Amino acid sequence: LPACFSPFWLQEMLRGKLQFQGAILSDDLSMEGAAIMGGPLERAEAALSAGCDMVLVCNNPGSVEQVIDGLRVETDPLRHARLVRLHGRHSVPRKELLMSAEWKQAVNTVADYAPDPSLELNLS
């Protein structure tokens, strides 16, 4: 099951445990792995219901039309706020970003979730 359909990964882990407050975009809902959730509209509804703020439907104009025509008007104010913030306030030079405390903390947080090499199986 792609993560974009999982309330556990999106709401419990990403929003809850990792305290991510940004917008969550779905995987490309036209990929074959997403077909498990049904047609284009069902996929979009499932991704939004799981916690995505925006759904991506790439390289399939017919599916795009189905999703646009079938989705109800979105009224979730938190979702709107997260999407508005995608515009940002100002750009930060890359060098400044890499030196910031926030960046370093984010890198350390992600590193804490990295797999433990001692637990890897050598299957070759």
### Query
Angle, helix 61-70 long axis vs. longest principal axis of the chain, Cα atoms, 0 to 90°, nearest 10?
80
## Note on the structure
The distance between the Cα centres of the stretch 10-58 and the stretch 76-92, in whole Å, is 18
### Of (1) 1.28; (2) 1.05; (3) 1.17, the label for Cα Rg over 2.2 N^0.38 Å derived from the coordinates
(1)
#### Entry: Signed unit charges on C-beta, dipole axis of the chain, positive-most listed residue VAL73, GLY33, VAL92
VAL92
### Message
Please list, by residue number, everything in the stretch 3-44 whose backbone N is under 17 Å from a paramagnetic label point 7 Å out along Cα→Cβ of ALA81.
### Response
15-16, 19-24
### Query
Hey, got the dipole for the stretch 3-87? About the Cα centre, +1 on K and R Cβ, -1 on D and E Cβ, debye to the nearest 20?
420
### Task
Would you please name the GluC sites (Glu not before Pro) within the stretch 1-103 that are DSSP coil residues with at most 12 other C-beta atoms within 10 Å of their C-beta?
GLU74
### Query
By how many degrees, between 0 and 90 and to the nearest 10, does the Cα long axis of helix 40-50 differ from the longest principal axis of the chain?
40
### Fluctuation leader among PRO93, PRO61, PRO77 - the chain, Gaussian network, Cα springs under 10 angstrom
PRO93
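Read-outs: derived from the displayed coordinates by stated rules, not from any lab. Predicted model, so just to flag it, every value in this text is computed and none were measured. All Cβ positions, even for glycine, are placed from backbone atoms using ideal geometry, and neighbour counts span all protein chains on display.
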